[in-house]
Every structure is written in C-alpha cells, then in structure tokens.
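A.B. asks: Dumping the structure here so I can ask a few things about it.
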Amino acid sequence: MEALLNILSELHPDMDFETAQNLIDDQILDSFDIVTLVAEIDSEYDVAIPAEELIPENFNSAQAIWALIEKLMDE
Amino acid sequence: MQFTSFGFLAFAAALLLIYYLIPKKGQWMLLLGASCLFYLWAGTEYLVFILITVLTTYAATNIIGRRLQQQDAYIAKHKAELSREDRKTYKAKVKRGNRIWLIGCLVVNFSVLALCKGLLIQPFRAMAQDTGLDFLTLGLPLGISFYMFQSMGYVIDVYRGTVRPERNIFRLALFVSYFPQLIQGPISKFSLLAPQLCAPHSFDGKEVSFGLQRMLWGYFKKLVVADRIAVAVAALKGSEFTGFGFLLLSVFYAVQIYADFTGGIDITIGLSQALGIRLPENFIRPYFSKNIAEYWRRWHITLGEWMKDYIFYPISVSQPMLKLSKSARKRFGNFGKRLPVYVASVATWFVTGIWHGLTPNFILWGMLNCFFIVLSEECAPLYTKFHGKFHLKDKAWYGSFEILRMFMLMNLIRVVDLFPDVGEYWHRVGSLFTTWNISLLWDGSMMKLGLTGLDYAILGSALVLIFSVSLVQEKKGSLRALLQTKPDALRWALLFVLFVAVVLMGSYGIGYNASNFIYNQF
C-alpha cells in the first residue's frame with residue numbers, strides 16, 4: 001500500500017491520497033493518469049490491470065485501487 | 001422522417017398516447033414497432049444494414065455468453081480438482097475462443113461501416129456505380145455510425161463479462177434500433193439503456209412535462225438558431241473571404257454546430273424522458289471549458305466515453321504498450337513513461353476522425369485535437385511554474401480569458417470539417433496572419449450572407465437567451481427544476497413565449513433546409 005501511495009503522490013504531489021475518496025468523480029485523476037498508474041502498478045507489483053477493470057469504482061480512492069490489486073493478485 | 005417535420009411531431013404524439021394507454025408489458029414491443037416504422041420511412045433499401053448488425057450481434061453475444069456459462073459451470077463442478085494454474089489455463093483457452101467470435105463480429109460490422117462511408121467518396125463511388133451496385137451509393141444508412149458503435153460496445157462488454165447477453169432477439173433489435181437515438185446518438189451503454197427500454201413505464205406527468213419542455217428547447221435551438229445561421233455559414237464557406245472572414249466563419253460554424261447538435265440531442269433526450277427512458281447526457285455546456293481536455297469531457301460525451309473504453313484504454317494498457325513503457329522509461333525518463341498514452345491517443349483520435357468521415361480533413365481534425373491535448377499535457381509543469389510565479393488564476397478576468405482562448409482554438413480546429421480540401425483550409429488559416437479585413441463587419445459584406453438585419457437581431461437575442469440559460473444551469477443546475485418551484489402562470493407563460501418564438505422565428509421556407517442535422521451525415 002505504501003508503494004502505491006508513493007506512485008500516486010508522484011502523479012499529484014499536492015494531494016492527500018490517504019483520505020481522498022472521489023479521485024475520478026472529482027476529476028483529480030484523468031485518463032492519462034490512470035494509464036500511467038497502470039504501468040507503474042505493473043512495474044511495482046507485476047500485476048496487469050485489464051481494460052475492463054478501468055472503471056471509476058476501482059480508482060476513486062487509494063483503498064479501492066489497492067483492493068483491485070489484491071483481487072488481481074489472488075486470481 | 002426528420003425530427004423537424006410535422007410528420008414526426010404527429011408520430012411522436014401518437015406514440016406517446018398509445019404508449020401510456022396499452023398494457024405495460026406491450027410498451028417495448030410498441031417501441032420496436034415504432035423504431036422499425038421510423039427506419040423504413042427513411043428508406044427500405046437500408047434495412048439490410050441494420051439487420052446485419054442485429055443478427056451478428058445476437059449470434060456473437062449469445063455464443064460468447066454460452067461459452068462463459070459453460071466455463072463457470074465446469075470450474076464450479078471441478079473446483080476441488082483444479083489448481084489455480086489449471087483454472088487460469090482453462091479460462092485463457094475459453095477466452096481465446098471467445099476472441100475469435102468477438103473479432104469476427106467486429107470485422108463484419110466495421111467492414112460494412114467502412115464500405116458505406118467509403119462509397120460516399122470518389123473514386124469508390126464511381127466504381128460502385130460502374131459495377132451495378134448503384135443502391136449502395138444512395139447515401140449513408142440512417143444512424144449507422146451511432147447504432148453500430150453502440151452495438152459493438154455491447155458485444156465487447158459481453159466478451160469482457162461485464163454484461164449478460166440478451167436472449168430475446170427482438171429486445172436486442174430494440175436496443176440497436178431505438179429510433180430517437182438513430183439520428184445522432186447519444187451512444188448508450190447496454191447496461192444502462194436495455195433494462196429501461198424493456199421495463200414497464202407508468203404515466204408520470206412531471207417526467208412527460210419535463211421531456212416535452214426539453215424537446216421545445218431543442219426545436220428552438222435547431223430552428224431559430226442553427227438553421228438560420230446555416231445560410232451565412234454556407235455563404236462564408238463558399239466565398240473568397242479570408243482573414244477575418246475566415247475567423248467569422250469559424251465562430252458562425254461553432255454556433256451552428258452547437259445549436260444543431262445539442263438541439264437534436266435535446267429532442268432525443270426529451271422524447272425519451274417523456275417515454276420514461278433516461279438517456280445519457282451528451283453535452284455539458286462545452287463552450288464554458290477552460291482547456292481542451294475539459295472540452296472533450298463536455299462535448300459529444302458518449303462518443304468520447306466509447307473511444308476511451310474501447311480504443312484508448314485497451315491500447316494503452318495492453319502488454320506490448322506496458323513493455324514499451326518500461327523500455328522507453330529507461331531511455332527517455334518521464335517522457336518515455338508516457339509514451340503508451342501518446343501512442344494510444346494518436347490511435348484514438350485517428351479512429352475518432354474517420355468515424356466522422358473517411359476524408360483527409362476529418363483525419364486532420366482528429367490529429368489536431370490529439371496534438372493540442374498532448375501538447376497541453378506536456379506543458380502542464382510549465383503552466384504550473386508560470387502560475388506559481390504570476391498568480392493569474394487569482395484574477396477575476398483570467399477565467400473568462402481561458403474560456404475565450406479555448407473557444408477560439410476549438411473553432412479553428414473544428415472548421416476544418418467544412419474543407420474536404422485540406423490545402424484550402426491551411427490557406428485560410430494562413431490568411432489570419434496576412435489579411436486584416438475586419439472592415440467587413442461594417443462595409444456591407446455581412447448583409448450579403450443571406451441574412452437580413454432582422455435575422456441578425458433574432459440570432460443575437462436567441463444567443464443571449466441560450467447563454468443566459470447555460471449560465472443558470474452552470475451555477476444552479478436544472479432550469480426546469482428551478483422553474484417548477486415558480487408559480488404555474490409564470491412557467492406556462494415562459495413556455496408559451498418559447499413556443500411562439502419557435503413557430504414565428506423558426507427558419508422555414510425557400511433558402512432554408514430545416515430537415516437535416518449535421519451529425520446525421522456521420
């Protein structure tokens with residue numbers, strides 16, 4: 001989780017990702033950020049996130065992204 | 001049957017009446033019947049195209065759905081014996097088979113679309129006529145770009161396992177052919193639209209009233225503004241005007257396409273709302289955007305979402321792109337990291353361009369949008385530094401400046417639509433820097449564009465009204481909901497004035513063509 005928070009902070013240094021809950025709905029993360037994030041997650045955790053998982057519910061908070069990573073790791 | 005014809009109004013009124021009188025379980029069948037009638041009215045020769053989409057979509061989704069069901073049953077039955085690796089291998093095998101059905105369906109449908117669009121341009125048109133395939137050159141089948149993309153999005157969703165396939169072919173046919181969307185979208189998701197189309201709907205006075213009000217607003221934009229200014233756009237385009245004349249053309253065209261497209265969408269969404277069906281919004285006051293990314297989140301939203309979900313994301317997170325990202329990062333640092341995003345952006349905007357037409361000007365239009373999006377993304381750190389130093393964002397006027405800057409930039413990109421000859425477009429863009437002829441505003445040239453002083457007065461007043469309504473919506477939300485809280489007499493008086501304005505000030509008669517929507521040709 002800590003590595004994920006570091007990746008997110010690199011994208012938007014001013015943002016508090018530990019508490020933010022509406023990253024997509026509030027347009028903090030755009031589609032360019034999402035793709036960069038997917039590449040970073042692939043590199044850090046060796047988890048490939050498929051296109052069908054790129055939906056707002058999976059990226060609205062650091063916790064949701066982490067839950068997605070864990071789910072894909074278990075599959 | 002065009003939205004702006006009296007025939008359509010009678011058709012819609014009869015449909016609404018019967019829809020709420022018949023038993024609710026028959027409502028979706030009535031909608032299917034109405035959609036077939038609407039399509040047949042446009043031309044029986046094109047029925048074959050929409051049938052191809054319905055049949056191939058039905059076949060592919062049901063085969064894929066059955067294979068996924070068998071996969072789940074097999075895994076559940078052999079849960080104890082299968083290791084995690086075995087399960088993965090089995091799923092991958094099923095997915096490979098499903099992919100063949102998916103690709104087959106996409107290839108058939110997009111080939112039909114490419115054929116229809118290709119035959120609009122020479123020399124393919126001449127070839128078809130020479131070989132006796134004249135019927136293919138009559139024009140683009142009604143709504144083909146819209147129903148095709150909507151249907152293919154559904155096929156991909158079934159392949160991904162995010163929606164279950166529709167087993168009833170007639171219900172699927174309604175999803176593909178739902179007539180209010182046929183003219184110019186919006187492009188809906190199956191998971192949002194299909195359940196609503198087939199659900200029973202009770203008469204709800206407020207929803208019907210809100211729907212009809214929105215239709216009236218759509219007719220106002222289309223008939224009073226879009227069709228009136230279309231005359232001047234055609235005159236400016238056909239003239240030798242360069243320099244300021246070209247700038248004026250880009251602004252007039254911005255007004256025309258906005259009023260035309262959003263007006264048509266208002267009619268579509270309004271009629272659907274009256275039928276108890278909520279369609280996705282396609283516009284959120286796009287001309288208030290401050291940057292190009294925001295503009296594309298507000299303009300033709302459903303096409304943008306389609307492109308993002310089915311072109312941009314799949315390309316940018318594909319394994320080859322992730323590999324490219326890794327190796328490019330080592331060589332080029334941060335820029336390399338973003339390389340997949342830029343490759344996917346070029347592909348997405350290329351497809352968006354050819355969706356509009358298989359001509360060089362639409363490809364250029366797509367590439368110009370892509371260029372400015374990527375440029376603004378790359379320059380973002382510079383903007384941050386600049387604003388950190390000069391604090392312009394704190395100034396009251398700066399927001400308006402950003403909106404005006406965005407409006408003019410998008411106008412100059414969009415106007416390429418009007419120039420199939422790309423060389424002519426660049427010639428006119430170049431003239432902005434060489435020809436200073438602002439005097440055409442007062443030297444009588446404006447009165448030679450097919451519009452009278454009264455036309456300009458009507459246009460000016462209508463635009464002030466549209467701007468004011470947009471401003472209220474931007475700050476306070478739905479204007480209809482706001483009016484609902486006011487006395488009935490005031491609300492009805494305002495609606496009556498709007499109705500009279502459409503009747504008296506709408507563009508009808510010789511010199512006007514109140515029938516075609518711009519996006520109907522895509």
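The values are calculated or read from the model by the stated rules, or taken from the named source; none is laboratory data. The structure presented is a predicted model; accordingly, all values stated were derived computationally and were not measured. Here the Cβ is made from the backbone with ideal geometry for all residues, glycine too, and neighbour counts use every protein chain on show.
A.B. asks: Any idea which residue in the stretch B:344-369 is farthest from the chain's Cα centre (by Cα), counting only those that are under 22 Å from B:R99 (Cβ atoms) and not polar (S, T, N, Q)?
C.D. replies: Only one residue tops the list, namely B:A344.
A.B. asks: Something else about it: Please return the ranges of helices (runs of 4 or more DSSP H) entirely within the stretch B:275-375 where 1 or more residues are more than 14 Å from chain A (Cβ to nearest Cβ).
C.D. replies: Hits in the stretch B:275-375: B:301-307, B:319-332, B:339-356.
A.B. asks: Out of all the residues in the stretch B:2-11, is one or more surrounded by 13 or more Cβ atoms within 10 Å (Cβ to Cβ), touching a Gly at 6+ places or on another chain (Cβ under 8 Å) and outside any helix (DSSP H, G or I)?
C.D. replies: Yes, the conditions are met somewhere in the stretch B:2-11.
A.B. asks: Do you know which residues across the stretch B:377-392 are under 21 Å from A:D30 (Cα atoms) and away from every other protein chain (no Cβ under 14 Å)?
C.D. replies: The answer is B:L382, B:Y383.
A.B. asks: Out of all the residues in the stretch B:156-171, which are part of a helix (DSSP H, G or I), surrounded by fewer than 23 Cβ atoms within 10 Å (Cβ to Cβ) and of a type outside the set (F, W, Y)?
C.D. replies: Those that are part of a helix (DSSP H, G or I), surrounded by fewer than 23 Cβ atoms within 10 Å (Cβ to Cβ) and of a type outside the set (F, W, Y): B:I156, B:D157, B:R160, B:I169, B:R171.
A.B. asks: Is it fair to say B:I50 is assigned by TED's automatic domain parsing to the domain that holds B:L140, among the aliphatic types (A, V, I, L, M), in contact with a Phe, Trp or Tyr (Cβ under 6 Å, 6 or more places away or on another chain) and surrounded by 17 or more Cβ atoms within 10 Å (Cβ to Cβ)?
C.D. replies: On the way: assigned by TED's automatic domain parsing to the domain that holds B:L140: yes; among the aliphatic types (A, V, I, L, M): yes; in contact with a Phe, Trp or Tyr (Cβ under 6 Å, 6 or more places away or on another chain): no; surrounded by 17 or more Cβ atoms within 10 Å (Cβ to Cβ): yes.
Here the answer is no, as B:I50 does not meet what is asked.
A.B. asks: For B:A34, state whether it is out of contact with any Cys (no Cβ under 6 Å at 6 or more places or on another chain), modelled with pLDDT of 90 or more and closer than 22 Å to B:C198 by Cβ.
C.D. replies: Here the answer is yes, as B:A34 does meet what is asked.
A.B. asks: Looking at (1) within 17 Å of B:M367 (Cβ to Cβ); (2) surrounded by 15 or more Cβ atoms within 10 Å (Cβ to Cβ); (3) hydrophobic (A, V, I, L, M, F, W, C), can you tell me which one B:F407 breaks?
C.D. replies: For B:F407, the failing item is (1).
A.B. asks: Does B:L339 satisfy being buried (at least 19 other Cβ atoms within 10 Å of the Cβ), over 30 Å from B:F146 (Cβ atoms) and touching a helix residue (DSSP H, G or I) at 6+ places or on another chain (Cβ under 8 Å)?
C.D. replies: So B:L339 fits the description; yes.
A.B. asks: Keeping to the stretch B:298-317, report how many residues are polar (S, T, N, Q) and closer than 15 Å to B:G185 by Cβ. Give the steps one after another, and end with the answer.
C.D. replies: So in the stretch B:298-317, the residues polar (S, T, N, Q) come out as B:302, B:316.
Of the ones still in play, those that are also closer than 15 Å to B:G185 by Cβ are B:302.
Looking only at that region, the number is 1.
A.B. asks: Scan the stretch A:15-68 for residues that are under 27 Å from B:L324 (Cβ atoms) and of a type in the set (D, E) and jot them down.
C.D. replies: A:D30, A:D33, A:E40, A:D42, A:E44, A:D46, A:E52, A:E53
A.B. asks: Continuing with the same structure: What is the number of the single condition among (1) part of a helix (DSSP H, G or I); (2) at positive phi; (3) not aliphatic (A, V, I, L, M) that B:G450 does not meet?
C.D. replies: Among (1) part of a helix (DSSP H, G or I); (2) at positive phi; (3) not aliphatic (A, V, I, L, M), B:G450 violates only (1).
A.B. asks: Same structure, new question: How about the stretch B:377-444: which helices (runs of 4 or more DSSP H) wholly inside it have at least 3 residues that are of a type outside the set (S, T, N, Q) and at positive phi? If you could, list the steps in order and put the result at the bottom.
C.D. replies: Values: elements: B:380-390, B:396-414, B:422-431.
Once the helices (runs of 4 or more DSSP H) in the stretch B:377-444 are filtered for at least 3 residues that are of a type outside the set (S, T, N, Q) and at positive phi, nothing remains.
A.B. asks: Could we say that B:T61 is of a type in the set (S, T, Y) and part of a helix (DSSP H, G or I) here?
C.D. replies: When the stated conditions are applied, B:T61 passes them.
A.B. asks: Among residues belonging to the stretch B:453-481 that are closer than 20 Å to B:A493 by Cβ and among the polar types (S, T, N, Q), point out the one that is modelled with the lowest pLDDT.
C.D. replies: B:S478
A.B. asks: Continuing with this model, one more query. Going through B:Q196, B:Q184 one at a time, which residue ends up being away from chain A (no Cβ under 14 Å) and buried (at least 22 other Cβ atoms within 10 Å of the Cβ)? Step through it out loud before you land on a result.
C.D. replies: Numbers: B:Q196 fails: buried (at least 22 other Cβ atoms within 10 Å of the Cβ).
Answer to the check: B:Q184.
Every residue, every condition in (1) exposed (fewer than 15 other Cβ atoms within 10 Å of the Cβ); (2) among the hydroxyl-bearing types (S, T, Y), yes or no:
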residue: A:H12; (1), (2): yes, no
residue: A:F17; (1), (2): no, no
residue: A:D26; (1), (2): yes, no
residue: A:S31; (1), (2): no, yes
residue: A:D46; (1), (2): yes, no
residue: A:E53; (1), (2): no, no
residue: A:M73; (1), (2): yes, no
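A.B. asks: Same structure again: Considering only the stretch A:18-71, state which residues are more than 12 Å from chain B (Cβ to nearest Cβ), hydrophobic (A, V, I, L, M, F, W, C) and assigned to a helix (DSSP H, G or I).
C.D. replies: A:A62, A:A64, A:I65, A:W66, A:A67, A:L68, A:I69
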